[in-house]
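Student: Sharing a structure here in structure tokens format.
Please treat every number below as a calculation from the coordinates, not as lab data. Predicted model only: the values in this text are computed from it and were never measured. For neighbour counting, all protein chains shown are included, and Cβ atoms are generated from backbone atoms with ideal geometry for every residue, glycine included.
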Amino acid sequence: MSIDTVELGGKIRRYREQLQLLPADVCEQAGISPERLAGIEVGTFVPSGDEILILSDVFRCDFRFFISNEKLAPFEETRTLYRKYGGDFSKADRLAVQEFLYLCESEAYLEAEAGSEAARCPSFVPRGTLYTRHGEDAAAFVRGHLQYSPRECRANTFDEFRRLGFHVFRRKLANSNISGLCIRHHEIGPCILINYSEDWYRQRFSCAHEAGHAVIDTGVDDQVVVTLSRTSGLRETRANRFASCFLLPPPLLQALPDPASWSDSEFLIHANSLMVNAQTFAIALKEAGRVGVEQSHRWKKLRVPKSAKADPELPADLAPNSRQRAERLLENGLTTHLVHLGFRALRDQHISAARLAEMLLLEPVDLERVAQLFGEALV
């Protein structure tokens, strides 16, 4: 199959522009002269195989897209993203989003290699015009699909939505106003990115919020949703209601002891046991009719101590140094699920160690340390 060099060059140029990289940035990272890069981008020069691999590494994308005649790029979703929210994403955050999508695609590939089929969430169709009711009904629908009991809460919300086939990653973003985003990838389905810079109870809520968008907002114009601190509107209200009812189901709230007798410390103990922040819990109690507006408003201002919160994706028995390494991996987007999938593919000889390091966004020399941290072994 012949390669259309003009199309190939256009793909490279579009990737560079999406990431707000100057030609000089790419030349420095790729070790390519400015003249040669300019020629490659307009189709005058044919890049070598090594140059294509190097450029795909710079852009954090699959090299196979460059050498195929496929015209629909994996960054079509991000083109929409930056058209709508471009001013909120710095160059560093654009690279973080690109790496997030690369991890999503790697995860989908490894899941297919492992022959694992996720329990995909069936379609939910909102009924009526009351948006808060849409959120309530969708949360009950998803909880039922996951076979939750009426009052059940599970700590690792991230894994719960992975069970539905959503690709969920946490990544530290420079813009603290971004809580999360949901991209409906044209090939692999919903991809959810949560800002790791936030408190993990907030991350847990943000994950459920973005999943609410993935479950309910399925129209053509809803391929990309970004949740910002200033975001408002009916769809955001609906996603918030979904998150609240998913994490704090109404039967559970009704079964709690009478909140009227709680002290502030008792309120915080209950919030922490349910793994939600005070604001989320106070609003949910008001919506359930368990407390009044004044009491809810007062409790919203309280704070669950950070020291009382335990991240379910960080094992409690990790030694301090190991915990720091695990936290750095999490903030860079890695997940236990992806790591174990990758090492399984390595054992089954579906991929090489070098390819695994690439898929995990690691240097090859770091692979053994990651293997030890996650209880895996290089073979």
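Student: Work out from phi, with θ = phi - 60° and the Karplus expression 6.51 cos²θ - 1.76 cosθ + 1.60, the ³J(HN,Hα) of each residue of region 289-306, listed in order in whole Hz, and give x for Gly and Pro.
Tutor: x, 8, 9, x, 4, 5, 5, 4, 4, 5, 5, 4, 7, 6, 9, 6, x, 4
Student: Something else: If you take every residue apart from Glu287 with its C-beta less than 11 Å away from the C-beta of Glu287, what net charge results, scoring Lys and Arg +1 and Asp and Glu -1?
Tutor: Numbers: positive: Arg241, Lys286, Arg290; negative: Glu136.
Charge balance in the 11 Å sphere: +2.
Student: So what's the convex hull volume per residue for the Cα atoms of region 241-370, in Å³? Can you show the working numbers first?
Tutor: Working: hull volume 19.5 nm³, N = 130.
Considering the Cα atoms of region 241-370, their hull volume per residue is 150 Å³.
Student: Ala112 label point, 7 Å along Cα→Cβ, cut-off 18 Å on backbone N: hits in region 47-66?
Tutor: Within reach of a label on Ala112: 61-66.
Student: Net charge near Val58, counting Lys/Arg +1 and Asp/Glu -1 over other residues with Cβ under 11 Å of its Cβ?
Tutor: Computed value for this residue: -2.
Student: Can you tell me the length gained on complete extension of the stretch Leu302 to Asp366, counting 0.36 nm per residue apart and subtracting the Cα distance? Walk me through the numbers before you get to the answer.
Tutor: Numbers: separation 64, 0.36 × 64 = 23.04 nm, distance 4.15 nm.
Between Leu302 and Asp366, full extension yields 18.9 nm more.
Student: Now for a separate question. So, by mean Cβ neighbours within 10 angstrom, what's the order for 130-140, 275-285, 340-350 with the highest one leading?
Tutor: Ranking the peptides 130-140, 275-285, 340-350 by packing returns 275-285, 130-140, 340-350.
Student: Please go through the residue pairs Lys11/Lys84; Lys172/Lys300; Lys84/Lys300; Lys84/Lys172; Lys11/Lys172 and name each one whose alpha carbons sit more than 24 Å apart in this structure.
Tutor: Table pairs above 24 Å Cα-Cα are Lys172/Lys300; Lys84/Lys300; Lys11/Lys172.
Student: Over all alpha-carbon pairs in region 5-73, figure out the percentage whose distance exceeds 20 Å.
Tutor: 13
Student: Answer with one residue from Leu110, Ile216, Leu37: the one whose Cα lies farthest towards the positive end of the charge dipole of the chain, charges on Cβ with Lys, Arg +1 and Asp, Glu -1.
Tutor: Among Leu110, Ile216, Leu37, the one farthest towards the positive end of the dipole of the chain is Ile216.
Student: Now, a different point. What percent does the relative contact order of region 195-274 come to when contacts are Cα pairs within less than 8 Å and at least six residues apart?
Tutor: That works out to 34 percent.
Student: How far is it, in nm, from the label point at Glu7 to the one at Asp159 when both lie 7 Å from their Cα along the line to the Cβ?
Tutor: According to this spin-label approximation, the distance is 4.3 nm.
Student: Using only alpha carbon pairs under 8 Å that are at least six residues apart, calculate the relative contact order of region 320-373 and give it in whole percent.
Tutor: About 28 percent, as a whole number.
Student: Ala310 to Val379: extension gain in nm, 0.36 nm per residue of separation minus the Cα-Cα distance?
Tutor: 21.6 nm
Student: Write down the percent of antiparallel bridges among all DSSP beta bridges whose residues are both part of region 92-249, to the nearest 5.
Tutor: 70
Student: Towards the positive end of the charge dipole of the chain, with charges on Cβ (+1 Lys, Arg; -1 Asp, Glu), say which of Ala326, Ala139, His270 has the farthest Cα.
Tutor: Most positive-ward Cα: His270.
Student: Continuing with the same structure: So how far apart, in nm, are the two label points at His186 and Leu228 if each is 7 Å from Cα heading toward Cβ?
Tutor: Simple spin-label model gives 2.6 nm for this pair.
Student: Let me check the size of region 323-374 from its C-alpha atoms; what are the radius of gyration and Dmax in Å?
Tutor: 10.3, 31
Student: Would you compute, from DSSP H runs of 4+ residues alone, the mean residue ellipticity of the chain at 222 nm, taking -39500 (n - 2.57) per run and dividing by the full residue count, rounded to the nearest 500?
Tutor: Dividing the helical sum by the residues of the chain leaves -16000 deg cm²/dmol.
Student: Computed FRET efficiency, Cβ-Cβ of Arg120 and Thr44, R0 41 Å: what is it to the nearest 0.05?
Tutor: E(calc), rounded to 0.05, equals 0.35.
Student: Any chance you could get the radius of gyration and Dmax over the Cα atoms of region 86-193, in Å?
Tutor: Taking only Cα atoms of region 86-193, I get Rg and Dmax of 15.9, 44 Å.
Student: What aspartates and glutamates could a cross-link reach from Lys91, if we take a straight Cα to Cα line under 15 Å and drop same-chain neighbours fewer than 8 places away?
Tutor: Cα-Cα hits under 15 Å: Glu17, Asp25, Glu99.
Student: Bins of 10 Å, beginning at zero and ending with the bin holding the largest distance: percent of Cα pairs per bin for the chain, please.
Tutor: Histogram of Cα-Cα distances, whole percents per bin: 5, 22, 30, 25, 13, 5, 2, 0.
Student: Then there is this: Return the sequence-ordered ³J(HN,Hα) values of region 16-33 in whole Hz as given by the Karplus equation 6.51 cos²θ - 1.76 cosθ + 1.60 applied to θ = phi - 60°, using x for Gly and Pro.
Tutor: Residue by residue, region 16-33 yields 4, 5, 4, 8, 6, 9, 6, x, 5, 4, 5, 4, 5, 6, 9, x, 10, 5 Hz.
Student: Quick one: net charge of Ala174's neighbours, Cβ under 11 Å, K/R +1, D/E -1?
Tutor: With Lys, Arg at +1 and Asp, Glu at -1, the net is +2.
Student: Using the Karplus curve 6.51 cos²θ - 1.76 cosθ + 1.60 with θ = phi - 60°, work out ³J(HN,Hα) for each residue of region 326-334 in order, rounded to whole Hz, and write x for Gly and Pro.
Tutor: Whole-Hz 3J(HN,Hα) from phi for region 326-334: 5, 5, 5, 5, 4, 5, 8, x, 6.
Student: With a 10 Å radius around each residue's Cβ, average the other Cβ atoms per peptide and rank 102-110, 87-95, highest first.
Tutor: 102-110, 87-95
Student: State, as an integer percentage, the relative contact order of region 22-157 based on alpha-carbon contacts under 8 Å between residues 6 or more apart.
Tutor: 13
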